[in-house]
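K.L.:
Please read through the structure below; I'll follow up with questions.
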Amino acid sequence: MPEQINQVGAVRQILAACAGKFDVELFEIMEQHYDHPDLATKAVNWLVAYCEHNGCDGPKYLHQYNAFCQLREATASRNTEQIKAACVVAKRVPNLKDHRQLDAAFAAAIAGLRIQESLPAGWNLEKLLGDSAHANMYGLFPVRDDSKIALFQELLKLTYRQRITRDRKAKLASSFEVSRVVEVQNVDTYQKYLKRRQVVTESCRGASPPDAPISAKQWKAWGGPVMTSPVAQRITAAFELDALHQHCNEFLLFHGTKATVEQSIAENNFDISYAKNGMFGVGLYFAESCSKSDEYVTPNDSEEYPLLLVRVTVGKPNYVDNKNPSVNPGRRQMEDSCKNGAHHSVLGDRRKCSGTYREFIVYDNAQAYPHFIVWYKRKY
């Protein structure tokens, strides 16, 4: 190739007076190779070397060539970081969608990335990539579809209960009205969640009999199925998320939080170091009833309250229905049953022993993924 470049460069010098016109015509001839995938890489390398050798600017389509070749090579390599880098380069091409071959290669790379990283079909990977291949793929996406927002309203109505515990600071509203919903798409947090879910799934399958799914008979003994279940699967389907996995007892549950920290949790996940030392020990507490999680929320300036709707891997729960579980079996014993024992969570049945709510507690933040921030208003 260097010899060819030198020869063409020599011709260019002879035609020095019209070198610019020579370059234009040469670039037009080379452009046809863009539609030939087998020649595209060679064409890019040749043009880059030619322009460097002769100190001239490359054609406008050169970065299209370059992006196209990087995408093909990255997709073939199946290297995640290489694919992300190539996609970022392609995104910088003006009017990307107008270039048929490049757009097809970009779509193939995005599809490959989604499969390799086991990411939900409904996630917007193009936007998540951003401008850097090294940054975490993270974004908050307001839900615009009224029919989807209606699902969350249905969920709040379904799980609302007129029950008050000692943790409630404000009067219990007669109902909750969803004002807006934000979907959380965080690749780093989600992948950590998937890895932990797989570990729990294998643990449940390895038991004899298997620890999951929990039978209808067992749920009946524990007070009935998880309250969110009738709507949860419809939400995952509507947003093209993974269906909830029965083989690790996976559920969508509520977590109430302050209006000043919900975005931090969405971006960085739950921080176990900030977890309260509650009745069931130091862990992350989730509820099947929105009324229970409403006890821990604080509003923003618009009097909207945030509930996180979280995908939680419950696995094999340590069922606890004692009236004073912090003493019997004890906080550390419950924690240890999940960290070092045969369980993956605690199901604290306060509904049975005190007529309030059931709570689900996990002691590993990788067992929880915050899918949605549900903003709502209290109606009295």
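K.L.:
Identify all aspartates and glutamates with a Cα-Cα distance to Lys169 below 12 Å; exclude those on the same chain that are fewer than 8 residues away in sequence.
P.N.:
Asp294, Glu295
K.L.:
Give the range of the longest stretch in the chain that excludes all GluC sites (Glu not before Pro) found in loop regions by DSSP and having at most 15 other beta-carbon atoms within 10 Å.
P.N.:
Longest site-free region, per DSSP loop and neighbour criteria: 1-239.
K.L.:
If I compute solvent accessible area with a 1.4 Å probe over the protein chains, what percent of it on the chain is carbon and sulfur?
P.N.:
Values: 9310 of 18510 Å².
Its accessible area is 50 percent carbon and sulfur atoms.
K.L.:
Under 15 Å from a label point 7 Å along Cα→Cβ of Ser147: give me every residue in the range 225-243 with its amide N that close.
P.N.:
Only 234-240 fall inside the zone, counting backbone N under 15 Å.
K.L.:
If each DSSP helix of 4+ residues adds -39,500 (n - 2.57) and the sum is divided by the residues in the chain, what number results at 222 nm, nearest 500 deg cm²/dmol?
P.N.:
-13500 deg cm²/dmol
K.L.:
Quick one: if the Förster radius is 25 Å, what FRET efficiency do Gln32 and Glu126 give, using the C-beta to C-beta distance and rounding to 0.05?
P.N.:
The value I calculate is 0.30.
K.L.:
Below 13 Å, Cα to Cα, which aspartates and glutamates can Lys21 reach? Residues fewer than 8 away in the same chain don't count.
P.N.:
Counting by Cα, and skipping residues close in sequence, Lys21 has these aspartates and glutamates nearby: Asp57.
K.L.:
Which net charge results for the neighbourhood of Ala121, defined as the other residues with beta-carbon distances under 11 angstrom from its beta-carbon, given Lys and Arg at +1 and Asp and Glu at -1?
P.N.:
Summing Lys and Arg as +1 and Asp and Glu as -1 gives -1.
K.L.:
May I ask for the distance between the Cα centers of the range 103-175 and the range 266-299, given as a whole number of Å?
P.N.:
Rounded to whole Å, the Cα centres lie 19 Å apart.
K.L.:
Work through the residues other than Asp167 whose Cβ is under 12 Å from its Cβ and net out their charges, Lys, Arg +1 and Asp, Glu -1. Mind showing how you got there, number by number?
P.N.:
Details: positive: Arg163, Arg166, Arg168, Lys169, Lys276, Lys292, Arg350; negative: Asp294, Glu295, Glu359.
Within the 12 Å Cβ shell, the charges total +4.
K.L.:
What longest range of the chain stays clear of loop-exposed trypsin sites (Lys or Arg not before Pro) (DSSP non-H/G/I/E/B, at most 12 other C-beta within 10 angstrom)?
P.N.:
172-275
K.L.:
Suppose each label sits 7 Å from its Cα in the direction of the beta carbon; what would the Lys195-Lys169 distance come out to in nanometres?
P.N.:
Distance between the two pseudo-spin positions: 3.6 nm.
K.L.:
Please work out how much length the chain gains when fully extended from Glu267 to Asn300, using 0.36 nm per residue of separation minus the C-alpha to C-alpha distance, in nm with one decimal.
P.N.:
Length gained, Glu267 through Asn300: 10.0 nm.
K.L.:
Further question on the same structure: Determine the distance separating the Cα centre of the range 182-251 from the Cα centre of the range 51-80; give it in Å without decimals.
P.N.:
44
K.L.:
Can you give the FRET efficiency for Arg332 and Lys157, using 1/(1 + (r/R0)^6), R0 = 35 Å, r = Cβ-Cβ distance, to the nearest 0.05? Please list the in-between numbers first.
P.N.:
On the way: r = 38 Å, r/R0 = 1.10.
Efficiency for this residue pair is about 0.35.
K.L.:
Mind checking which aspartates and glutamates have their C-alpha under 13 Å from Lys192, skipping anything on the same chain fewer than 8 residues away?
P.N.:
Lys192 reaches Glu117, Asp364.
K.L.:
For the chain, give the share of DSSP beta bridges that are antiparallel, in percent and rounded to the nearest 5; count only bridges with both residues there.
P.N.:
Of those bridges, close to 90 percent are antiparallel.
The values are calculated or read from the model by the stated rules, or taken from the named source; none is laboratory data. What you see is a predicted model; the values in this text were computed from it and never measured. Glycine also receives a Cβ, built like all others from the backbone with ideal geometry; neighbour counts cover every protein chain displayed. The protein model used for the area step is the full one, side chains on, heavy atoms only, and it has no ligands, DNA or RNA in it. Shrake-Rupley method; radii C 1.70, N 1.55, O 1.52, S 1.80 Å.
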